[in-house]
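The values are calculated or read from the model by the stated rules, or taken from the named source; none is laboratory data. What you see is a predicted model, and the numbers here were worked out from it, not measured in a lab. Cβ sites come from the backbone with ideal geometry, for glycine too, and all protein chains shown count toward neighbours. Surface accessibility is based on the protein's heavy atoms, side chains included, excluding ligands, DNA and RNA. Shrake-Rupley method; radii C 1.70, N 1.55, O 1.52, S 1.80 Å.
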Amino acid sequence: MTRNTENRHAGSVPATADGTAATAAGRTFGTSMNMYLLKKRQKLQFLASVFMVSTLLFVSCSGGTAPFQRARIMEGAPNFRDLGAYPSENGKHTVSRKIFRSQMLAQLSDSDMAKMKEWGVRTVIDFRGDAEVSEKPSRLPEGVKMIRLPVDLGRNDTLQLMQQLMSGSLDSARCVAFMQEANRRFVTEFIPQYRAFFDILLQAESYPAVFHCTEGKDRTGFAAAMLLSALGVDWDTVMADYLLTNQCLKPPAPAPQLPEQAISALRQMRGVQPSYLNAAKEEIIKRYGSIDNYLYQALNVGEAEKDRLKQYLLE
């Protein structure tokens, strides 16, 4: 038995007096095994994140009450989502049917309008720029207060990006870099808008409230991440909520006239990925040291303001 085992390990690597070849073989085996374990761990982490995101579509509220549907609740806005039932600190959860994130509200059906009335929505915060609002004005029930906080990255930049996309000169890597830079700019260039966003949510009469942009994924995604962080929701859950957009938005329509490179880039723009939101987080850490510091120093959300938000939005 011992002889057979030695032959298997030796294989085609001749033994030497100083054992050099055997040592080299051991290093190669160890490196290969480490790579295998790393890839397996990454795969498991990916599958876990996919499972977490998928389960967020239908969740149970605290206290053992019946499950409610978080997403896919609006016919005319597939990325309209309830931010309720997320676990926070001290065993509490975010309140359902009180704060919503969404894409544009220009195509709400009569049934969607009825739901907003049923939930008693009082305030809608719109992060879109002037041209976006002009092209696709919101359709809202009578009496809902509309507040515009334009987070406009620049129409020229967007048009240039789309021109590159249509010509096939834009690849996925450049598209990812563009989205990451956009998230960094949320942190640095739009402090007044996001500060005003929190000012609105610090008023009890604002609720129930909806905040949105065009697709409900980037400007809205950053706002949701900061709000959930202020409420004591952990970053893994914040990221899972962010990635839920990929489950809600429809994939790009087939475009056989576009080169494959352009189609791949379009997919990157249409959805979200962790590196987009993490780019914002990294910018915050670089400039402020922590998200808590950013909330306090840039957005005027200190401990007293957090406590008030938790009073409104946790149960």
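Things to note:
- Inter-residue pairs, beta-carbon under 6 Å, first over 23 Å from K250 (Cα atoms) and in region 87-105, second aromatic (F, W, Y), 6+ apart: T94/Y86; S96/F68; R97/W119; K98/Y207
- Selection of helices (runs of 4 or more DSSP H) fully inside region 175-280 by the criterion of at least 2 residues being touching a Pro at 6+ places or on another chain (Cβ under 7 Å), at pLDDT below 90 and of a type outside the set (A, V, I, L, M, F, W, C) returns 260-270.
- Filter result (within 25 Å of the chain's Cα centre (by Cα) and surrounded by fewer than 16 Cβ atoms within 10 Å (Cβ to Cβ)) within region 129-138: D130, A131, K136, P137
- Within region 291-313, being open to solvent by less than 20 Å² (accessible area, probe 1.4 Å) and touching a Ser or Thr at 6+ places or on another chain (Cβ under 8 Å) holds for L295, L313.
- Count of region 90-149 residues, restricted to those that are β-branched (V, I, T) and in a strand (DSSP E or B), is 6.
- Of all residues in region 171-188 being of a type in the set (A, V, I, L, M) and over 21 Å from G129 (Cα atoms), the one that is surrounded by the most Cβ atoms within 10 Å (Cβ to Cβ): V176
- Residues satisfying the stated conditions in region 198-236, i.e. closer than 23 Å to W119 by Cα, surrounded by fewer than 23 Cβ atoms within 10 Å (Cβ to Cβ), touching an Asp or Glu at 6+ places or on another chain (Cβ under 7 Å) and not hydrophobic (A, V, I, L, M, F, W, C): T214
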